[in-house]
Amino acid sequence: MVVATIKIDLGEKSYPIIVGFNLLDKLGEELRRQLPGVEKALVISDRIVASLWGEQCLLALRDAGFHPKLASIPPGEKSKKLSVAEELYGHALDADLDRRSPIIALGGGVVGDLAGFVAATFLRGVPFVQVPTTLLAQVDSSVGGKVAVNHQRGKNLIGSFYQPSLVLVDLDLLQTLDERQFKAGLVEVVKAAAVWDKAFFLWLNENFFNLLKRESKTIHEAVFRAITIKTEIVSRDEHEKNLRRILNFGHTFGHALEAVTEYDYYLHGEAVLVGMKMATTAAWKMGFLSKNEYEQLQGLFASFGCYPLPNEVAPQKIIEALNYDKKREGERIIFILPQSIGKVLASSLPEEIIEAVLHSYI
Ligand SMILES: NC(=O)c1ccc[n+]([C@@H]2O[C@H](COP(=O)([O-])OP(=O)(O)OC[C@H]3O[C@@H](n4cnc5c(N)ncnc54)[C@H](O)[C@@H]3O)[C@@H](O)[C@H]2O)c1
(Lines give C-alpha, C1' and ligand atoms only; values in the text may rest on other atoms or scores of the structure.)
Protein backbone atom coordinates (compact mmCIF):
# COMPACT_ATOMS: atom_id res chain seq x y z
CA MET A 1 0.00 0.00 0.00
CA VAL A 2 1.28 3.42 -0.93
CA VAL A 3 2.56 5.62 1.85
CA ALA A 4 1.51 9.22 1.30
CA THR A 5 3.11 12.24 2.86
CA ILE A 6 1.14 15.43 3.25
CA LYS A 7 3.11 18.53 4.11
CA ILE A 8 1.36 21.12 6.22
CA ASP A 9 2.61 24.48 5.08
CA LEU A 10 3.21 26.72 8.09
CA GLY A 11 6.52 28.34 7.21
CA GLU A 12 9.19 27.40 9.74
CA LYS A 13 6.61 25.33 11.62
CA SER A 14 5.81 23.11 8.59
CA TYR A 15 5.82 19.38 9.23
CA PRO A 16 5.07 16.10 7.44
CA ILE A 17 2.01 13.94 8.04
CA ILE A 18 2.78 10.42 6.90
CA VAL A 19 -0.24 8.24 6.12
CA GLY A 20 -0.14 4.51 5.40
CA PHE A 21 -0.03 1.00 6.84
CA ASN A 22 2.65 -0.62 8.94
CA LEU A 23 4.20 2.71 9.89
CA LEU A 24 4.59 2.37 13.67
CA ASP A 25 7.69 0.22 13.12
CA LYS A 26 9.22 3.13 11.21
CA LEU A 27 8.61 5.73 13.92
CA GLY A 28 12.18 5.65 15.26
CA GLU A 29 13.67 5.86 11.78
CA GLU A 30 11.53 8.88 10.86
CA LEU A 31 12.24 10.65 14.13
CA ARG A 32 15.96 9.94 13.94
CA ARG A 33 16.11 11.96 10.70
CA GLN A 34 14.75 14.98 12.54
CA LEU A 35 16.69 14.50 15.76
CA PRO A 36 20.21 13.19 15.13
CA GLY A 37 22.13 12.45 18.30
CA VAL A 38 19.10 12.61 20.63
CA GLU A 39 18.59 9.63 22.98
CA LYS A 40 15.97 10.49 25.60
CA ALA A 41 12.29 10.38 24.66
CA LEU A 42 8.98 10.14 26.49
CA VAL A 43 5.99 8.27 25.06
CA ILE A 44 2.65 9.32 26.57
CA SER A 45 -0.27 6.96 26.09
CA ASP A 46 -3.39 5.78 27.85
CA ARG A 47 -3.52 2.39 29.51
CA ILE A 48 -5.67 0.75 26.85
CA VAL A 49 -3.54 1.94 23.92
CA ALA A 50 -0.30 1.31 25.82
CA SER A 51 -1.31 -2.32 26.37
CA LEU A 52 -2.10 -2.77 22.66
CA TRP A 53 0.60 -0.77 20.89
CA GLY A 54 3.00 0.55 23.53
CA GLU A 55 5.62 -2.18 23.26
CA GLN A 56 5.79 -1.95 19.46
CA CYS A 57 6.22 1.80 19.71
CA LEU A 58 9.05 1.52 22.26
CA LEU A 59 10.77 -1.15 20.14
CA ALA A 60 10.65 1.05 17.04
CA LEU A 61 12.26 3.88 18.99
CA ARG A 62 14.91 1.63 20.53
CA ASP A 63 15.81 0.25 17.10
CA ALA A 64 16.71 3.79 16.06
CA GLY A 65 18.90 4.37 19.12
CA PHE A 66 16.44 6.19 21.41
CA HIS A 67 16.09 5.29 25.10
CA PRO A 68 12.36 5.90 25.50
CA LYS A 69 10.27 5.85 28.68
CA LEU A 70 6.52 5.24 28.67
CA ALA A 71 4.03 7.13 30.83
CA SER A 72 0.45 5.89 30.67
CA ILE A 73 -2.61 7.67 32.00
CA PRO A 74 -6.11 6.35 32.68
CA PRO A 75 -8.14 6.35 29.44
CA GLY A 76 -10.89 8.91 28.85
CA GLU A 77 -11.68 12.60 28.90
CA LYS A 78 -11.28 12.83 32.70
CA SER A 79 -7.50 12.54 32.27
CA LYS A 80 -7.35 15.72 30.21
CA LYS A 81 -6.69 18.00 33.16
CA LEU A 82 -3.91 20.00 34.79
CA SER A 83 -3.30 17.56 37.64
CA VAL A 84 -2.54 14.78 35.14
CA ALA A 85 -0.32 17.17 33.14
CA GLU A 86 1.56 17.84 36.36
CA GLU A 87 2.14 14.12 36.90
CA LEU A 88 3.43 13.92 33.34
CA TYR A 89 5.93 16.73 33.98
CA GLY A 90 7.21 14.48 36.77
CA HIS A 91 7.62 11.61 34.28
CA ALA A 92 9.45 13.96 31.90
CA LEU A 93 11.83 14.95 34.70
CA ASP A 94 12.34 11.31 35.74
CA ALA A 95 13.14 10.48 32.11
CA ASP A 96 15.73 13.26 32.17
CA LEU A 97 14.37 14.96 29.04
CA ASP A 98 16.23 18.00 27.79
CA ARG A 99 15.03 20.63 25.31
CA ARG A 100 15.81 18.43 22.29
CA SER A 101 14.10 15.28 23.63
CA PRO A 102 10.78 14.47 21.97
CA ILE A 103 7.44 13.78 23.63
CA ILE A 104 5.44 11.29 21.59
CA ALA A 105 1.65 11.07 21.91
CA LEU A 106 0.48 7.51 21.23
CA GLY A 107 -3.30 7.56 21.53
CA GLY A 108 -6.57 9.24 20.66
CA GLY A 109 -7.47 12.91 20.93
CA VAL A 110 -7.30 12.90 24.74
CA VAL A 111 -3.69 11.73 24.77
CA GLY A 112 -2.80 13.99 21.82
CA ASP A 113 -4.26 17.16 23.37
CA LEU A 114 -2.76 16.45 26.80
CA ALA A 115 0.68 15.29 25.64
CA GLY A 116 0.79 18.28 23.27
CA PHE A 117 0.03 20.60 26.17
CA VAL A 118 2.84 19.01 28.20
CA ALA A 119 5.26 19.21 25.24
CA ALA A 120 4.37 22.87 24.68
CA THR A 121 5.06 23.84 28.27
CA PHE A 122 7.76 21.48 29.57
CA LEU A 123 11.09 23.38 29.45
CA ARG A 124 9.16 26.02 27.44
CA GLY A 125 8.60 23.55 24.63
CA VAL A 126 10.18 20.28 23.48
CA PRO A 127 9.74 18.49 20.10
CA PHE A 128 6.31 16.91 19.83
CA VAL A 129 5.25 13.91 17.74
CA GLN A 130 1.73 12.62 17.19
CA VAL A 131 0.97 8.94 16.59
CA PRO A 132 -2.84 9.07 16.54
CA THR A 133 -4.64 5.81 17.23
CA THR A 134 -8.34 6.70 16.81
CA LEU A 135 -9.89 7.67 13.51
CA LEU A 136 -10.92 11.00 15.03
CA ALA A 137 -7.37 11.72 16.08
CA GLN A 138 -5.96 10.64 12.70
CA VAL A 139 -8.16 12.92 10.62
CA ASP A 140 -8.74 15.76 13.02
CA SER A 141 -7.15 16.29 16.42
CA SER A 142 -3.55 15.34 15.55
CA VAL A 143 -3.42 17.86 12.72
CA GLY A 144 -3.42 21.58 13.31
CA GLY A 145 -1.61 22.05 16.61
CA LYS A 146 -4.47 22.73 19.02
CA VAL A 147 -3.39 21.42 22.43
CA ALA A 148 -5.36 21.77 25.64
CA VAL A 149 -6.57 20.49 28.96
CA ASN A 150 -10.05 20.91 30.40
CA HIS A 151 -11.06 23.05 33.39
CA GLN A 152 -13.90 22.00 35.67
CA ARG A 153 -15.95 24.83 34.12
CA GLY A 154 -15.50 23.73 30.54
CA LYS A 155 -13.66 21.78 27.91
CA ASN A 156 -10.34 22.89 26.38
CA LEU A 157 -10.28 26.15 28.35
CA ILE A 158 -6.52 25.98 29.02
CA GLY A 159 -4.34 25.46 26.02
CA SER A 160 -2.35 26.79 23.14
CA PHE A 161 -1.37 26.27 19.53
CA TYR A 162 1.71 24.09 19.39
CA GLN A 163 2.58 22.32 16.17
CA PRO A 164 4.09 18.82 16.18
CA SER A 165 7.23 18.15 14.19
CA LEU A 166 5.85 14.88 12.79
CA VAL A 167 2.47 13.13 12.57
CA LEU A 168 2.57 9.42 11.81
CA VAL A 169 -0.84 8.07 10.79
CA ASP A 170 -0.62 4.27 10.83
CA LEU A 171 -3.95 2.91 9.63
CA ASP A 172 -3.14 -0.53 11.07
CA LEU A 173 -3.66 0.94 14.53
CA LEU A 174 -7.37 1.27 13.76
CA GLN A 175 -7.72 -2.54 13.75
CA THR A 176 -8.20 -2.61 17.52
CA LEU A 177 -10.60 0.35 17.65
CA ASP A 178 -14.21 -0.57 18.46
CA GLU A 179 -17.08 0.07 16.06
CA ARG A 180 -18.60 2.94 18.01
CA GLN A 181 -15.33 4.90 18.21
CA PHE A 182 -14.63 4.20 14.56
CA LYS A 183 -18.01 5.60 13.47
CA ALA A 184 -17.55 8.67 15.67
CA GLY A 185 -14.27 9.36 13.86
CA LEU A 186 -15.93 8.86 10.49
CA VAL A 187 -18.24 11.74 11.35
CA GLU A 188 -15.25 14.10 11.25
CA VAL A 189 -14.32 12.75 7.79
CA VAL A 190 -17.84 13.50 6.55
CA LYS A 191 -17.70 16.94 8.19
CA ALA A 192 -14.46 17.80 6.36
CA ALA A 193 -16.08 16.85 3.04
CA ALA A 194 -19.33 18.68 3.82
CA VAL A 195 -17.58 21.99 4.46
CA TRP A 196 -14.97 21.89 1.69
CA ASP A 197 -15.17 19.25 -1.02
CA LYS A 198 -18.36 18.15 -2.78
CA ALA A 199 -16.63 15.48 -4.91
CA PHE A 200 -15.26 13.89 -1.72
CA PHE A 201 -18.70 14.05 -0.09
CA LEU A 202 -20.24 12.19 -3.04
CA TRP A 203 -17.40 9.66 -2.94
CA LEU A 204 -18.04 9.08 0.79
CA ASN A 205 -21.69 8.53 0.06
CA GLU A 206 -20.84 5.86 -2.50
CA ASN A 207 -18.18 4.19 -0.38
CA PHE A 208 -19.81 4.44 3.04
CA PHE A 209 -20.33 0.72 3.58
CA ASN A 210 -16.79 -0.20 2.49
CA LEU A 211 -15.56 2.38 4.95
CA LEU A 212 -17.60 0.84 7.75
CA LYS A 213 -16.03 -2.50 6.84
CA ARG A 214 -12.63 -0.74 7.10
CA GLU A 215 -11.67 -1.89 3.63
CA SER A 216 -7.98 -0.88 3.39
CA LYS A 217 -7.91 1.02 0.13
CA THR A 218 -11.08 2.93 0.94
CA ILE A 219 -9.95 3.86 4.43
CA HIS A 220 -6.58 5.04 3.12
CA GLU A 221 -8.27 7.25 0.54
CA ALA A 222 -10.76 8.68 3.05
CA VAL A 223 -8.16 9.46 5.72
CA PHE A 224 -5.75 10.95 3.19
CA ARG A 225 -8.41 13.23 1.71
CA ALA A 226 -9.77 14.33 5.09
CA ILE A 227 -6.29 15.22 6.35
CA THR A 228 -5.55 17.09 3.12
CA ILE A 229 -8.64 19.23 3.65
CA LYS A 230 -7.69 19.97 7.24
CA THR A 231 -4.13 20.93 6.28
CA GLU A 232 -5.36 23.24 3.52
CA ILE A 233 -7.63 25.04 5.94
CA VAL A 234 -5.15 25.17 8.83
CA SER A 235 -2.30 26.43 6.67
CA ARG A 236 -4.46 29.39 5.65
CA ASP A 237 -5.59 30.16 9.20
CA GLU A 238 -3.40 28.53 11.84
CA HIS A 239 -4.87 30.36 14.84
CA GLU A 240 -8.58 30.01 13.97
CA LYS A 241 -9.18 33.69 13.37
CA ASN A 242 -11.46 33.11 10.43
CA LEU A 243 -11.48 30.29 7.85
CA ARG A 244 -10.60 27.52 10.32
CA ARG A 245 -13.93 28.13 12.05
CA ILE A 246 -15.70 26.31 9.22
CA LEU A 247 -14.38 23.12 10.80
CA ASN A 248 -16.79 23.86 13.64
CA PHE A 249 -19.73 22.74 11.47
CA GLY A 250 -22.00 20.78 13.81
CA HIS A 251 -19.96 21.81 16.85
CA THR A 252 -22.11 24.64 18.24
CA PHE A 253 -25.15 22.42 18.66
CA GLY A 254 -22.82 19.48 19.33
CA HIS A 255 -21.03 21.14 22.27
CA ALA A 256 -24.37 22.11 23.80
CA LEU A 257 -25.55 18.50 23.49
CA GLU A 258 -22.37 17.21 25.11
CA ALA A 259 -22.71 19.75 27.93
CA VAL A 260 -26.37 18.98 28.74
CA THR A 261 -25.62 15.26 28.79
CA GLU A 262 -22.57 15.90 31.03
CA TYR A 263 -20.06 14.52 28.51
CA ASP A 264 -21.26 11.11 29.45
CA TYR A 265 -23.79 10.11 26.80
CA TYR A 266 -22.47 10.97 23.36
CA LEU A 267 -18.98 10.47 22.01
CA HIS A 268 -17.73 13.77 20.62
CA GLY A 269 -18.23 12.62 17.00
CA GLU A 270 -21.79 11.46 17.75
CA ALA A 271 -22.70 14.85 19.20
CA VAL A 272 -21.16 16.53 16.14
CA LEU A 273 -23.24 14.28 13.87
CA VAL A 274 -26.48 15.33 15.59
CA GLY A 275 -25.15 18.93 15.55
CA MET A 276 -24.60 18.75 11.78
CA LYS A 277 -28.12 17.37 11.29
CA MET A 278 -29.48 20.28 13.34
CA ALA A 279 -27.37 22.92 11.57
CA THR A 280 -28.45 21.52 8.19
CA THR A 281 -32.11 21.69 9.21
CA ALA A 282 -31.56 25.27 10.40
CA ALA A 283 -29.90 26.20 7.08
CA TRP A 284 -32.87 24.72 5.21
CA LYS A 285 -35.34 26.64 7.38
CA MET A 286 -33.35 29.84 6.76
CA GLY A 287 -33.55 29.29 3.01
CA PHE A 288 -29.76 28.96 2.60
CA LEU A 289 -29.85 25.48 1.10
CA SER A 290 -31.65 23.86 -1.86
CA LYS A 291 -34.02 20.96 -1.13
CA ASN A 292 -31.88 18.59 -3.19
CA GLU A 293 -28.65 19.38 -1.32
CA TYR A 294 -30.47 19.36 2.03
CA GLU A 295 -31.63 15.82 1.26
CA GLN A 296 -28.18 14.68 0.12
CA LEU A 297 -26.53 16.00 3.29
CA GLN A 298 -29.16 14.51 5.58
CA GLY A 299 -29.02 11.25 3.58
CA LEU A 300 -25.33 10.67 4.37
CA PHE A 301 -25.79 11.76 8.00
CA ALA A 302 -28.65 9.25 8.29
CA SER A 303 -26.37 6.41 7.13
CA PHE A 304 -24.71 6.57 10.54
CA GLY A 305 -28.02 5.66 12.22
CA CYS A 306 -30.02 7.50 14.86
CA TYR A 307 -28.54 9.08 17.94
CA PRO A 308 -31.60 10.21 19.89
CA LEU A 309 -31.25 12.53 22.83
CA PRO A 310 -32.09 11.15 26.27
CA ASN A 311 -35.75 11.76 27.18
CA GLU A 312 -35.01 14.02 30.11
CA VAL A 313 -33.22 16.63 27.98
CA ALA A 314 -35.58 19.54 27.32
CA PRO A 315 -34.93 22.00 24.44
CA GLN A 316 -34.68 24.81 26.99
CA LYS A 317 -31.64 23.13 28.57
CA ILE A 318 -29.90 23.05 25.20
CA ILE A 319 -30.70 26.73 24.61
CA GLU A 320 -29.15 27.53 28.01
CA ALA A 321 -26.02 25.62 27.04
CA LEU A 322 -25.87 27.49 23.71
CA ASN A 323 -26.20 30.78 25.61
CA TYR A 324 -23.34 29.81 27.90
CA ASP A 325 -21.15 29.48 24.81
CA LYS A 326 -22.43 32.86 23.65
CA LYS A 327 -21.32 34.47 26.91
CA ARG A 328 -17.89 32.94 26.54
CA GLU A 329 -17.46 34.43 23.11
CA GLY A 330 -18.86 37.79 24.19
CA GLU A 331 -20.84 38.09 21.00
CA ARG A 332 -23.82 36.67 19.15
CA ILE A 333 -23.66 32.94 18.82
CA ILE A 334 -22.45 32.05 15.36
CA PHE A 335 -23.39 28.80 13.65
CA ILE A 336 -21.60 27.27 10.68
CA LEU A 337 -24.37 26.43 8.25
CA PRO A 338 -24.27 24.64 4.89
CA GLN A 339 -24.99 26.72 1.82
CA SER A 340 -24.41 23.85 -0.55
CA ILE A 341 -22.42 20.61 -0.29
CA GLY A 342 -18.80 21.67 0.21
CA LYS A 343 -19.63 25.25 1.12
CA VAL A 344 -20.69 26.76 4.44
CA LEU A 345 -21.39 30.20 5.81
CA ALA A 346 -21.26 31.64 9.32
CA SER A 347 -24.46 33.16 10.64
CA SER A 348 -26.43 33.74 13.79
CA LEU A 349 -29.90 32.18 13.98
CA PRO A 350 -33.18 33.71 15.17
CA GLU A 351 -34.35 32.15 18.41
CA GLU A 352 -37.53 30.78 16.81
CA ILE A 353 -35.47 28.84 14.26
CA ILE A 354 -33.26 27.36 17.02
CA GLU A 355 -36.38 26.37 18.96
CA ALA A 356 -38.04 24.85 15.91
CA VAL A 357 -34.91 22.84 15.09
CA LEU A 358 -34.58 21.54 18.65
CA HIS A 359 -38.27 20.63 18.83
CA SER A 360 -37.98 18.68 15.60
CA TYR A 361 -35.26 16.50 17.19
CA ILE A 362 -36.72 16.04 20.64
N1 LIG B 1 -6.95 19.27 19.09
C2 LIG B 1 -7.97 19.24 18.26
O3 LIG B 1 -7.97 19.92 17.21
C4 LIG B 1 -9.14 18.36 18.56
C5 LIG B 1 -10.12 18.12 17.57
C6 LIG B 1 -11.16 17.24 17.87
C7 LIG B 1 -11.22 16.62 19.12
N8 LIG B 1 -10.25 16.89 20.06
C9 LIG B 1 -10.28 16.23 21.37
O10 LIG B 1 -10.13 14.85 21.16
C11 LIG B 1 -10.67 14.16 22.29
C12 LIG B 1 -11.45 12.97 21.80
O13 LIG B 1 -10.55 12.11 21.14
P14 LIG B 1 -10.91 10.60 20.80
O15 LIG B 1 -12.27 10.54 20.22
O16 LIG B 1 -9.79 10.05 20.02
O17 LIG B 1 -11.05 9.92 22.23
P18 LIG B 1 -10.02 9.20 23.23
O19 LIG B 1 -8.66 9.72 23.07
O20 LIG B 1 -10.65 9.27 24.57
O21 LIG B 1 -10.06 7.70 22.72
C22 LIG B 1 -11.26 6.98 22.80
C23 LIG B 1 -11.09 5.60 23.42
O24 LIG B 1 -10.50 4.75 22.46
C25 LIG B 1 -9.39 4.06 23.04
N26 LIG B 1 -8.44 3.84 21.95
C27 LIG B 1 -7.70 4.77 21.31
N28 LIG B 1 -7.04 4.21 20.29
C29 LIG B 1 -7.36 2.91 20.28
C30 LIG B 1 -7.02 1.81 19.45
N31 LIG B 1 -6.22 1.96 18.39
N32 LIG B 1 -7.52 0.60 19.76
C33 LIG B 1 -8.36 0.44 20.81
N34 LIG B 1 -8.75 1.44 21.62
C35 LIG B 1 -8.26 2.65 21.34
C36 LIG B 1 -8.89 4.96 24.13
O37 LIG B 1 -8.21 4.22 25.11
C38 LIG B 1 -10.19 5.56 24.65
O39 LIG B 1 -10.76 4.71 25.60
C40 LIG B 1 -11.50 15.18 23.05
O41 LIG B 1 -10.81 15.54 24.21
C42 LIG B 1 -11.58 16.37 22.10
O43 LIG B 1 -11.66 17.60 22.79
C44 LIG B 1 -9.22 17.73 19.79
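Before we move on, is D94 in contact (Cβ under 8 Å) with a residue 40 or more places away in the chain and among the acidic types (D, E)? It is false that D94 is in contact (Cβ under 8 Å) with a residue 40 or more places away in the chain and among the acidic types (D, E).
Restricting the first member to region 22-36 and to residues that are assigned by TED's automatic domain parsing to the domain that holds P102, and the second to residues that are of a type in the set (G, A, S) and part of a helix (DSSP H, G or I), the beta-carbon pairs closer than 7 Å and six or more apart or on different chains are L24/A60; D25/A60; K26/A60; L27/A60; G28/A60. Residues of region 124-138 that are part of a helix (DSSP H, G or I) and either within 20 Å of L267 (Cβ to Cβ) or in the same structural domain as V189 (by TED's automatic domain parsing) (or both): L135, L136, A137, Q138. Report yes if some residue within region 190-203 is among the aliphatic types (A, V, I, L, M) and either in the same structural domain as A115 (by TED's automatic domain parsing) or over 17 Å from the mean Cα position of the chain (by Cα) (or both); otherwise report no. Scanning region 190-203, I find at least one residue that is among the aliphatic types (A, V, I, L, M) and either in the same structural domain as A115 (by TED's automatic domain parsing) or over 17 Å from the mean Cα position of the chain (by Cα) (or both), so the answer is yes.
Please determine, by comparing only the residues of region 139-153 that are within 11 Å of the ligand (Cβ to nearest atom) and part of a strand (DSSP E or B), which one is farthest from L61 (Cα to Cα). Talk me through it step by step, then tell me what you get.
Here is the first cut: in region 139-153, the residues within 11 Å of the ligand (Cβ to nearest atom) are 139-150.
Checking the rest, the ones that are also part of a strand (DSSP E or B) come to 146-150.
Details: K146: 25, V147: 24, A148: 26, V149: 27, N150: 30 Å.
Once the filter is applied, the top-ranked residue is N150.
Listed by first and then second residue, the pairs linking a residue in region 273-286 that is touching a residue at least 12 places away in the same chain (Cβ under 8 Å) to a residue that is among the basic types (K, R), with Cβ atoms under 8 Å apart and 6 or more places separating them unless they lie on different chains, are M276/K191.
This table checks each residue for (1) more than 16 Å from the ligand (Cβ to nearest atom); (2) under 23 Å from K198 (Cα atoms).
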position	(1), (2)
D264	no, no
V274	no, yes
G287	yes, yes
K291	yes, yes
Q296	yes, yes
S303	yes, yes
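Quick one: is A41 within 16 Å of the ligand (Cβ to nearest atom), buried (at least 19 other Cβ atoms within 10 Å of the Cβ) and either within 24 Å of the chain's Cα centre (by Cα) or not in a loop (DSSP other than H, G, I, E, B) (or both)? Spelling it out, it is not the case that A41 is within 16 Å of the ligand (Cβ to nearest atom), buried (at least 19 other Cβ atoms within 10 Å of the Cβ) and either within 24 Å of the chain's Cα centre (by Cα) or not in a loop (DSSP other than H, G, I, E, B) (or both).
The number of residues in region 4-40 that are of a type in the set (K, R) and in contact with a Leu (Cβ under 6 Å, 6 or more places away or on another chain) comes to 1.
If the condition is being of a type in the set (S, T, N, Q) and more than 13 Å from the ligand (Cβ to nearest atom), then region 73-130 contributes S83, S101, T121.
For T218, the conditions (1) within 30 Å of P310 (Cα to Cα); (2) assigned to a helix (DSSP H, G or I) all hold with the exception of (1).
Evaluation of V2 against the conditions (1) modelled with pLDDT of 95 or more; (2) in a loop (DSSP other than H, G, I, E, B) shows that the sole unmet condition is (1).
Please enumerate the residues belonging to region 1-37 that are buried (at least 16 other Cβ atoms within 10 Å of the Cβ) and of a type in the set (G, A, S). Scanning region 1-37 gives A4, G20, G28. Taking first residues from region 139-163 that are more than 15 Å from E240 (Cβ to Cβ) and in the same structural domain as G109 (by TED's automatic domain parsing) and partners that are near the ligand (Cβ under 9 Å from one of its atoms) and among the small types (G, A, S), the Cβ contacts under 7 Å between residues at least 6 apart in sequence or on separate chains come to V139/G185; S142/G112; V149/G159; I158/A148. Close contacts from region 97-110, counting a first residue that is over 13 Å from V126 (Cα atoms) and outside the structural domain of P132 (by TED's automatic domain parsing) and a second that is within 16 Å of the ligand (Cβ to nearest atom) and at pLDDT below 95, with Cβ to Cβ under 9 Å and a gap of 6+ residues or different chains, come to none at all.
Could you look through region 44-72, keep only residues that are of a type in the set (D, E, K, R) and within 15 Å of A105 (Cβ to Cβ), and pick out the one that is nearest to the ligand (Cβ to nearest atom)?
This residue is D46.
The values are calculated or read from the model by the stated rules, or taken from the named source; none is laboratory data. Fair warning: this is a prediction, and the values are worked out from it, not measured in the lab. Here Cβ is always computed from backbone atoms with ideal geometry, including for glycine, and neighbour counts include all displayed protein chains.
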